[in-house]
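Let me begin by presenting the structure, written as structure tokens, before commenting on it.
Only the coordinates and a few stated rules stand behind these numbers; no lab work does. The shown structure was predicted, so the numbers you read here are calculated from the model rather than taken from an experiment. Cβ coordinates were reconstructed from backbone atoms using ideal geometry, including for glycine residues, and neighbour counts include every protein chain displayed.
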Amino acid sequence: MSGETGPASAAPPPGEVEPGSGVRIVVEYCEPCGFEATYLELASAVKEQYPGIEIESRLGGTGAFEIEINGQLVFSKLENGGFPYEKDLIEAIRRASNGEPLEKITNSRPPCTIL
């Protein structure tokens, strides 16, 4: 034994990168469609899991809610008709931060419609 004491697992030492560092997300959404709240909710959940991540929002066309990770489209509401599940986006970010190949997210939850 080396005789060292201290926590076995703690926060990263100073100078070490935060989880999600080096991963850049761009979310393009339709503001007139009321999708800003969905973007803010998703961005908050992502930041909670990956504080070092960079998230940018852009205004998009009608019905758009498109998500790119490091320049690769990983989710399209225009293709899927709904919004991504947080767990699927978190998994895609984990893969990106580990340098693993990204796959398109095909699961989606239906948009909320108030009649």
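What the table below lists for this structure:
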| item | result |
| --- | --- |
| 5 angstrom amide H check on Val74, placed H, neighbours 5+ away | Ile67, Glu68, Ile69 |
| Residues whose placed amide H lies under 5 Å from that of Val23, excluding near-sequence neighbours | Glu54 |
| Region 62-115 - convex hull of the alpha-carbon atoms, volume per residue in Å³ | 74 Å³ |
| Percent of beta bridges antiparallel (DSSP, region 24-98, rounded to nearest 5) | 60 percent |
| Region 24-98, relative contact order [Cα under 8 Å, separation at least 6], % | 36 percent |
| Gained length - Val26 relative to Glu86, 0.36 nm times residue gap less alpha-carbon distance | 20.1 nm |
| Extension reserve of the Cys33-Lys104 stretch, reckoned as 0.36 nm per residue once the Cα distance is removed | 23.2 nm |
| In order through region 71-83: 3J(HN,Hα) via Karplus (6.51 cos²θ - 1.76 cosθ + 1.60), integer Hz, x for Gly, Pro | x, 9, 5, 10, 8, 9, 5, 4, 8, 9, x, x, 10 |
| Semi-axis lengths, Å, region 24-98, gyration tensor of Cα atoms, sqrt of 5 times eigenvalues | 19, 13, 11 |
| Gap separating the Cα centres of region 76-112 and region 27-43, nearest whole Å | 15 Å |
| Estimated inter-spin distance, Thr62 and Gln49, nm [label 7 Å along Cα→Cβ] | 3.3 nm |
